[in-house]
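Visitor: This is the structure I want to talk about, given as structure tokens.
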Amino acid sequence: MKKKILFLFLIAGILFGTVARSGDPWEEGLTKVNALAGIIRAEYFRPVTTDKMAQESIRGMLETLDPHSYLLDPESFARMSEEQRGAYFGLGIQIQKQLDRLVVIAPLEGTPAWRLGMLPGDVITPSEGKCTAGISDRDAVSKLRGPKGTKVTITVAREGLEKPFDLTITREEIPLYSVPYAFMLDDATGYVFVRYFAENTIDELETKLSALTKRGMKNLVLDLRGNVGGPLFQAIGVSDEFLSKGASIVSVRGRNAYFDRQYPATRNGQYEDIPLIILISQGSASASEIVAGAVMDHDRGLVLGEDSWGKSLVQKMFPLSEDTAMALTIARYYTPSGRSLQRDYSHLDDYFLDTKTIPETDREVKYTDKGRKVLGQGGISPDIEVKFGLLVYTAELRIRGAFFTYARKFTAHQTPLSKKFVFPADGTGDRPAPGTIQVKNIFLADTAVLEDFKAFLTGNRMPYDEKKFKEAESEIRRELEREVASLLWGVEEGWRAFEKYDPVIQKALQTMPEAARMLR
């Protein structure tokens, strides 16, 4: 392993033009590698791209350090910059891979795609000579994005039209929201979903919390499930919203003492006195674990859900060129009780694929302000465990686009049952025709809807198994209610409909009195 690190480092040094100083212990190695590089450039059977070799040598070297030190090539560097900045240049559509099709879930209001009339359900077919069958969601998004003012031509297949048609769209700046959803779960409880941490997260969160306060929020559920993290200072700022001035949020310690820091809360008068429950999952990592860990260690609120990922490493970006950077781990972070949450990564396959809970006997024990036992390593173990996740059958139907396709047909009155419904966009006012079912501001997937959905599945040769359907019925109801609500009232209303019967949120509402008692 040491020889591999030395070799990769020397290759990178030669390709980036590093020159050994006289007496440098690596000078002999540099001479040998320089000779090797010269042979490759002169004798390899085809021309060698120096930049590519340099990138791969650095990538390989970083992979020997830890799972979170990595090279950002131009594409990944641009994607990270967009996410952190909170905006990108593109068309303004949400797309989803459904088997081998790229389907438009929704055009974002006011964006170029919306102005040109793209609709939910449009299928992006092979365009500009390229096939979309083997392309992933992320790759498709990358191809649709580009410099501001540039144009991209896509070919769109739309149900009801005989032939696909081309759309040439000029890319514009499209905002990305790290805090996309916030609404009231009941008369007193607000809900905020933080998708990831970016430069604008604190501002977005404060705007959402202020709006919920005006609507009567007395309790808060902060959803960090699936939040993989982001900038350290945004995690500190979010934590500061809920902790009293002077309370420790996180400490950072590394081999280089320059990076050692203690970060306390610096503000009062925000949301320090509101009963708080934080939701986490196995996909919650890094910055989201900092927030949950600070709240837990100070007994400020309850944490519900599953054990989080377990990432306590801090990265710093080092630019290597105009469009390339290196994320290098420079320190570990510790929660207020002194916990490192980092899982063992000595076996990378286990680290990325094994989501089993680490035995308590293998974890460090610390204590909260009020003396509650909390564990290090292995992420954050919630105060109250609530397991969740889709059944295989539900996931299969989602991947095939069954829920979205059915909802689109249902809201267009293209299924037998939907012909009896009257939706807000139908323009019938308050006097629908006799025998119809009027939908005003809520849609429920009742037994009749489920039967209609079954007929849709069998009629469209999608997977249908009565036993599996029965086992997944509650999940299927939630999926259908989300998709129909999204098409009728917008994506946020669809999210609200989906979360309404979320078992984790139901548990949070039940235990909110316990969270309130923690403030005493």
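What follows is calculated from the coordinates using simple rules that are stated; it is not laboratory data. This one's a predicted model, so the numbers in the text were calculated from it and none came from an experiment. Note that we place each Cβ from the backbone using ideal geometry, even for glycine, and neighbour counts take in every protein chain shown.
Visitor: Give me the percent relative contact order of the chain, please, defined on Cα pairs under 8 angstrom at least 6 residues apart. Write out the running numbers ahead of the final one.
Guide: On the way: 940 pairs, mean separation 56.3, N = 520.
After rounding, I find 11 percent.
Visitor: Hey, another quick one. If you take every DSSP beta bridge whose two residues both sit in the range 173-224, what share of them, in percent to the nearest 5, is antiparallel?
Guide: 45 percent
Visitor: I would also like to ask the following. So which lysines can residue 387 reach, going by Cα to Cα under 22 Å and dropping same-chain residues fewer than 8 places off?
Guide: 311, 356, 373, 468, 470, 500, 507
Visitor: Obtain the nm distance between the two label points defined at residue 519 and residue 412 by a simple spin-label model: each point lies 7 Å from its Cα along the Cα-to-C-beta direction.
Guide: Output for this residue pair reads 4.9 nm.
Visitor: Do any trypsin sites (Lys or Arg not before Pro) in the range 200-292 lie in a DSSP loop with no more than 16 other beta carbon atoms within 10 Å, and if so, which?
Guide: Those satisfying the criteria are 215, 218, 245, 255, 267.
Visitor: Next up: Based only on other Cβ atoms within 10 Å, what is the fewest-to-most ordering of 484, 238, 504, 422? Walk me through the intermediate numbers first.
Guide: Values: 484 28, 238 25, 504 22, 422 18.
By the 10 Å Cβ count, ascending: 422, 504, 238, 484.
Visitor: Any idea what the dipole of the chain comes to, in debye rounded to 20, about its Cα centre with Lys/Arg Cβ at +1 and Asp/Glu Cβ at -1? Walk me through the numbers on the way to the answer.
Guide: Working: 68 positive and 71 negative charges, 29 e Å.
Dipole magnitude for the chain comes out near 140 debye.
Visitor: Given labels modelled 7 Å from the Cα in the Cβ direction, how far is it in nm from residue 142 to residue 119?
Guide: For residue 142 paired with residue 119, the spin-label model returns 3.3 nm.
Visitor: Another question about this same structure. Exposure proxy check: 443, 183 ranked by fewest other beta carbons within 10 Å?
Guide: 183, 443
Visitor: With θ set to phi - 60°, apply the Karplus curve 6.51 cos²θ - 1.76 cosθ + 1.60 along the range 330-347 and write out the HN-Hα couplings as whole Hz, x wherever there is a Gly or Pro.
Guide: 10, 6, 10, 10, 10, 6, x, 7, x, 7, 9, 8, 5, 6, 5, 10, 5, 10
Visitor: Let me ask another. Residue 325's amide H: which non-local residues (gap 5+, or another chain) put their own amide H closer than 5 Å, with H modeled 1.01 Å from N in plane and none for Pro or chain starts?
Guide: Those qualifying (amide H under 5 Å, at least 5 residues apart or on another chain) are 72, 320.
Visitor: Please give the length that would be gained between residue 346 and residue 473 if that part of the chain were fully extended, namely 0.36 nm times their separation in residues minus their C-alpha to C-alpha distance (nm, one decimal). List each step's numbers first, then the result.
Guide: Working: separation 127, 0.36 × 127 = 45.72 nm, distance 4.12 nm.
Taking residue 346 through residue 473 to full extension adds about 41.6 nm, to one decimal.
Visitor: Please rank 391, 222, fewest neighbouring Cβ atoms within 10 Å first, as an exposure proxy.
Guide: On the way: 391 14, 222 27.
Final ranking by Cβ density, sparse to dense: 391, 222.
Visitor: Shifting gears a bit: Helix 402-411 versus the longest principal axis of the chain: what is the Cα-based angle in degrees, 0 to 90, to the nearest 10?
Guide: Helix 402-411 and the main axis of the chain meet at about 40 degrees.
Visitor: If I take R0 = 45 Å and measure r between the Cβ atoms of residue 390 and residue 32 in this structure, what FRET efficiency does the formula 1/(1 + (r/R0)^6) give, to the nearest 0.05? Please report the intermediate quantities before stating the final value.
Guide: On the way: r = 54 Å, r/R0 = 1.21.
Step by step, r from the Cβ atoms, then E = 0.25.
Visitor: Between their Cα atoms, which of 419/454; 409/454; 97/143; 419/440; 97/148 are more than 18 Å away from each other?
Guide: In this structure, 97/148 lie more than 18 Å apart at Cα.
Visitor: What is the dipole size for the range 387-520, taken about its Cα centre, with +1 at each Lys and Arg Cβ and -1 at each Asp and Glu Cβ, in debye to the nearest 20? The partial results should precede the final answer.
Guide: Working: 22 positive and 19 negative charges, 21 e Å.
Result for the range 387-520 is approximately 100 debye, rounded to the nearest 20.
Visitor: Taking each pair of distinct Cα atoms in the chain once, what is the resulting Kirkwood hydrodynamic radius in Å? Please report the intermediate quantities before stating the final value.
Guide: Working: mean 1/r = 0.0383 Å⁻¹.
Taking every pair of different Cα atoms in the chain, averaging 1/r and inverting gives 26.1 Å.
Visitor: Express as a percent, rounded to the nearest 5, the fraction of DSSP beta bridges in the chain (both residues included) that run antiparallel. If you can, show how the numbers build up before the last one.
Guide: Details: 47 of 64 bridges.
The antiparallel fraction comes to roughly 75 percent.
Visitor: Below 8 Å, C-alpha to C-alpha, sequence gap of six or more: please give me the relative contact order for the range 379-520 in percent.
Guide: Details: 116 pairs, mean separation 38.2, N = 142.
In percent, rounded to a whole number, it is 27.
Visitor: Given the Cα-Cα distance of residue 451 and residue 213 and 0.36 nm per residue of separation, how much length would full extension add, in nm?
Guide: 81.6 nm
Visitor: Enter the angle in degrees (range 0 to 90, nearest 10) between the Cα long axis of helix 473-489 and the first principal axis of the Cα atoms of the chain, meaning the one along which they spread out most.
Guide: It works out to around 80 degrees.
Visitor: Here's something else I'd like to know. In degrees, nearest 10, range 0 to 90: what is the angle between the Cα axis of helix 287-297 and the longest Cα principal axis of the chain?
Guide: Orientation of helix 287-297: about 80 degrees from the principal axis.
Visitor: For the chain, which longest stretch is free of loop sites, where a loop site is one of the GluC sites (Glu not before Pro) that DSSP puts outside H, G, I, E and B and that has at most 11 other Cβ atoms within 10 Å?
Guide: Numbers: sites that count: 109, 128, 162, 322.
Longest site-free region, per DSSP loop and neighbour criteria: 323-520.
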